1. Counting only residues that are among the aliphatic types (A, V, I, L, M) and in a helix (DSSP H, G or I), which one in the range 264-293 is nearest to the ligand (Cβ to nearest atom)?
2. Residue by residue through the range 442-468, note down the ones that are touching a Phe, Trp or Tyr at 6+ places or on another chain (Cβ under 8 Å) and touching a residue at least 40 places away in the same chain (Cβ under 8 Å).
3. Based on this model, can you work out whether Leu101 counts as within 30 Å of Ala250 (Cα to Cα), in a helix (DSSP H, G or I) and modelled with pLDDT of 90 or more?
4. Could you tell me whether any residue of the range 340-350 is buried (at least 24 other Cβ atoms within 10 Å of the Cβ), in a helix (DSSP H, G or I) and within 14 Å of the ligand (Cβ to nearest atom)?
5. Do the conditions hold for Phe118, that is, is it within 15 Å of the chain's Cα centre (by Cα) and more than 13 Å from the ligand (Cβ to nearest atom)?
6. Mind checking whether some residue in the range 235-254 is among the polar types (S, T, N, Q) and touching a Phe, Trp or Tyr at 6+ places or on another chain (Cβ under 9 Å)?
7. Between a residue in the range 68-83 that is over 15 Å from Leu265 (Cα atoms) and any residue that is within 13 Å of the ligand (Cβ to nearest atom) and small (Gly, Ala, Ser), which pairs come within a Cβ distance under 6 Å, given they are 6 or more apart or on different chains?
8. Does Thr296 satisfy the condition of being within 13 Å of the ligand (Cβ to nearest atom), in contact with an Asp or Glu (Cβ under 8 Å, 6 or more places away or on another chain), modelled with pLDDT of 90 or more and not hydrophobic (A, V, I, L, M, F, W, C)?
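The values are calculated or read from the model by the stated rules, or taken from the named source; none is laboratory data. No experiment lies behind these values; they were computed from the predicted model shown. As a convention, Cβ positions derive from the backbone with ideal geometry for all residues, glycine included, and neighbour counts pool all protein chains shown.
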Amino acid sequence: MMNIADRGTKLRPARETLRPTFAIFVTVGLRTGNFTLPTYMSEESRASFGGKISAILVAAGSAIGLGSIWRFPYMAGEHGGAAFLLVYLLCVFVVGIPVMLAEFAVGRKTHLNAVGAFRSLSKRWKWVGYNGALAALFISGYYYIVAGWSLEYLVSSLFGPLYTSTESFTAQFDAFQASPRQAIYTVIFILLTHMIIIRGVEKGIEKAAKVMMPALFIILIVMAIRVAFMPDAAEGYWFFLKPDFSEAFAPQTIFTAIGQAFFSLSVGMGCMVTYASYFKRDNNLTTTAFSVSLLTLLVAVLAGLVIFPAVFSAGLEPTEGASLIFVTLPEIFKGMPFAALWSAVFFILLTLASLTSTISFHEVLTAYFAEEHKLSRKNATRLTSALSVALCALTLAFTFDINIGSWLHLEDISFFEIFDYTTANILMPLGGLFTCIFAAWYMKPTFLRGEMTNYGELRGRAFPLLRFTLRYITPAAYLHLRMQPRAALTLSALTLLLRSARNDSTKTEPHEGGRPERETFTATIKTCASTTAD
Ligand code: PHE
């Protein structure tokens with residue numbers, strides 16, 4: 001029979017997983033002790049986040065952003081509501097959490113920026129870090145613009161003309177996009193991000209997340225309660241929470257949900273590598289990854305619980321698309337008492353959520369320039385902000401009919417689309433896929449196990465499951481995104497066959513960069529690629 005002490009230790013992992021998630025609402029800024037272990041860069045010489053809760057808040061700050069509040073509801077609206085929610089949930093567990101854990105391991109092991117982290121573990125893999133830095137650069141080219149919209153809507157709700165103008169919300173949205181105000185708000189947003197980043201890791205990023213994240217949850221919960229009392233709200237809940245399985249397994253739903261999972265969890269861009277490089281040695285990476293993902297899920301669900309009842313209550317269509325928030329929501333607020341106030345509250349929420357995300361990809365580049373090119377942190381921040389301004393200028397110039405690109409024959413191509421497409425559909429999936437191959441196939445199992453267990457301090461019971469998922473399930477799910485399902489199935493079958501042919505895979509790994517496993521995987525990919533080509 002299990003004695004009480006044993007039972008205590010058996011229950012501990014579950015308690016540890018859940019406790020930080022809820023503790024966020026109760027206490028912010030808990031400090032924990034620190035102990036030293038051999039690292040690639042000494043902890044004393046580098047900034048670090050204060051404690052476990054801080055680590056969760058900053059990583060959740062990166063993850064929770066426009067992706068959960070703006071993109072998720074309209075994706076769900078277009079792909080069957082609850083059906084999409086179900087598939088998204090599955091993708092978060094199968095793709096998002098494992099890759100996030102792998103990124104945490106790479107970052108915390110090395111205490112370096114994304115490029116430096118991969119380079120220090122293996123010179124040949126440093127390109128995964130560069131891929132992340134490039135993705136961070138590209139996302140800067142459009143994310144600040146959408147974030148600027150939320151700022152404009154916040155100001156316009158409070159001081160007009162959003163609710164004082166006689167023009168329709170669609171006309172106002174179009175007019176805003178065609179006016180120079182859009183560029184001004186974009187630059188203001190870059191400056192806000194710049195001001196936080198320049199203050200450093202602890203005083204800037206950590207402090208901002210500690211204030212903004214709890215505020216964001218409080219605002220969302222207040223909004224969800226308010227919306228529940230609107231007429232016909234039940235129809236919205238029905239749409240969002242009743243699963244339709246025929247829609248759930250449609251290829252397009254799966255495709256979109258995987259994309260949404262890695263975008264909303266900020267994986268595949270080196271963000272989590274960079275943030276984890278500021279984690280302390282005693283942070284429990286598994287707990288952190290689960291807490292961050294659960295908080296992101298919670299925000300996405302709460303955003304759905306605000307938006308869908310409101311949309312149905314106003315008799316509008318949930319499939320409105322990208323303008324769901326900027327056109328449909330003002331329409332709803334307009335019918336409510338204190339319209340401008342509720343609207344301002346919502347757009348404050350969106351602005352705060354965007355800001356905690358923009359600081360995370362800004363930090364990927366700032367840390368890269370500071371550490372790899374030996375710039376001072378101030379200059380690295382300035383360079384990143386200047387690049388962001390330049391890219392956004394390019395995007396605004398090409399997107400909105402200023403036709404500078406005619407001599408390049410680029411009149412029909414918007415940089416907004418180029419940046420969005422290459423980031424979400426090429427660079428992030430590539431970064432995610434290769435981070436998982438790197439951590440689970442190239443590196444020795446002791447690498448992941450060590451980081452997950454804090455080198456023997458924690459039990460790491462989830463390690464076998466994580467490694468299995470990272471080796472087989474996550475790559476198969478990723479490849480499903482890029483290839484025909486037939487090829488993804490072939491890959492899964494082949495890897496399983498190879499695994500059983502090699503009776504003990506761990507014996508074949510002589511050193512940290514286990515070559516035999518890598519070659520087997522390369523062969524598998526080649527076979528798979530030729531299957532698709534046929
Ligand atoms: N996860 C963020 C969002 O949902 C976007 C993001 C992606 C931020 C990648 C950083 C890195 O809005």
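1. Met272
2. Here is the first cut: in the range 442-468, the residues touching a Phe, Trp or Tyr at 6+ places or on another chain (Cβ under 8 Å) are 442, 448-449, 451-453.
Listed by number, the residues that qualify are Tyr442, Leu448, Glu451, Met452.
3. Yes; evaluated as a whole, the condition is true for this residue.
4. Taking the range 340-350 as the starting set, the residues that turn out to be buried (at least 24 other Cβ atoms within 10 Å of the Cβ) are 346-347, 349-350.
Then keep just the ones that are in a helix (DSSP H, G or I); that gives 346-347, 349-350.
Of the ones still in play, those that are also within 14 Å of the ligand (Cβ to nearest atom) are 349-350.
Yes: one or more hits.
5. No.
6. Among the residues of the range 235-254, at least one is among the polar types (S, T, N, Q) and touching a Phe, Trp or Tyr at 6+ places or on another chain (Cβ under 9 Å), which makes the answer yes.
7. Final answer for the pair search is Pro73/Ala303.
8. On the way: within 13 Å of the ligand (Cβ to nearest atom): yes; in contact with an Asp or Glu (Cβ under 8 Å, 6 or more places away or on another chain): no; modelled with pLDDT of 90 or more: yes; not hydrophobic (A, V, I, L, M, F, W, C): yes.
Taking the combined requirement at face value, the residue does not satisfy it.
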